[in-house]
Amino acid sequence: MKRRTFLGYVMASGSLLTAPLGGWLLPGQGLANTAPQQGFAIRTEAVLLRHLFGTSAIETDHRVSIELPIQVKRNSGVPVRVRCDLEGVEMIAVVSRENRYPLNTLLHLTGAAGYYNSRIRLEKSSLVSAYVLAQGRVYVAAAPVKVSIGGYGLDAA
């Protein structure tokens, strides 16, 4: 028997033996929360904010910032960077108002710095907002982004 085949059998049998003990194969015991998944199906920003944060009291603070390019090409990933100098950041949500589904990104943080860097998809020119939940309060920072066809300054329909 080849060594790779033997190791493959050992790894497979070891995972099958430990899976029932660890509760991996039991149906209905997933660790994921379904509430964030429902947030991605909501079509308006106001309903989304009520769903995610349970409040409409949102504050603007200089310690929360969002960085985006001023103009981007249609169908390209838009780099977004959210920074916040707040203690106890629990959640960061990136929302683009003009998308069919406004929620772009949702992060739940525990004991991490309030920094997020990624790429998002925008359908039209829009105001992109970063909502940060810290110490039971919701803060926002926003920036407009113009989505153009081919980068020539023509607005995407």
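The values are calculated or read from the model by the stated rules, or taken from the named source; none is laboratory data. Worth saying up front: this structure is predicted, and the values here are computed from it rather than measured. Reconstructed Cβ throughout: ideal geometry from the backbone, glycine too, with neighbour counts over all protein chains shown. Heavy atoms of the whole protein, side chains included, go into the accessibility calculation; ligands, DNA and RNA do not. Shrake-Rupley method; radii C 1.70, N 1.55, O 1.52, S 1.80 Å.
With the structure loaded, tell me whether Pro20 is surrounded by fewer than 13 Cβ atoms within 10 Å (Cβ to Cβ) and either of a type in the set (A, V, I, L, M) or modelled with pLDDT under 75 (or both) or whether it fails that test. Give the steps one after another, and end with the answer.
Values: surrounded by fewer than 13 Cβ atoms within 10 Å (Cβ to Cβ): yes; either of a type in the set (A, V, I, L, M) or modelled with pLDDT under 75 (or both): yes.
In short, yes.
Which one is farthest from Val82 (Cα to Cα), of the residues in the range 97-122 that are among the charged types (D, E, K, R) and touching a residue at least 40 places away in the same chain (Cβ under 8 Å)?
Step one: of the range 97-122, the residues among the charged types (D, E, K, R) are 97-98, 100, 119, 121.
Now drop any that are not touching a residue at least 40 places away in the same chain (Cβ under 8 Å), which leaves 97, 100, 119, 121.
On the way: Arg97: 17, Arg100: 22, Arg119: 11, Arg121: 16 Å.
Per the stated criteria, the residue is Arg100.
Restricting attention to the range 87-105, which residues are part of a loop (DSSP other than H, G, I, E, B) and open to solvent by 20 Å² or more (accessible area, probe 1.4 Å)?
Going residue by residue through the range 87-105, those that are part of a loop (DSSP other than H, G, I, E, B) are 87-88, 97-102.
Across the range 87-105, the qualifying residues are Glu87, Gly88, Arg97, Glu98, Arg100, Tyr101.
What's the total number of residues in the range 106-127 that are open to solvent by less than 50 Å² (accessible area, probe 1.4 Å), polar (S, T, N, Q) and more than 20 Å from Ala46 (Cα to Cα)?
Residues in the range 106-127 being open to solvent by less than 50 Å² (accessible area, probe 1.4 Å), polar (S, T, N, Q) and more than 20 Å from Ala46 (Cα to Cα): 1 in total.
Among the residues of the range 57-85, which ones are in a loop (DSSP other than H, G, I, E, B) and either in contact with a Gly (Cβ under 6 Å, 6 or more places away or on another chain) or open to solvent by 60 Å² or more (accessible area, probe 1.4 Å) (or both)? Let's see the steps before the verdict.
The initial filter retains those residues of the range 57-85 that are in a loop (DSSP other than H, G, I, E, B), namely 57, 61-63, 68-70, 74-77, 85.
If the condition is that a residue be in a loop (DSSP other than H, G, I, E, B) and either in contact with a Gly (Cβ under 6 Å, 6 or more places away or on another chain) or open to solvent by 60 Å² or more (accessible area, probe 1.4 Å) (or both), then Ala57, His62, Arg63, Ile70, Arg74, Asn75, Asp85 are the ones that fit.
Give the number of residues within the range 62-94 that are among the basic types (Lys, Arg) and within 15 Å of Lys146 (Cβ to Cβ). Let's see the steps before the verdict.
Of the range 62-94, the ones among the basic types (Lys, Arg) are 63, 73-74, 81, 83.
After this cut, where a residue has to be within 15 Å of Lys146 (Cβ to Cβ) as well, the list is 73-74.
Adding up the residues that qualify gives 2.
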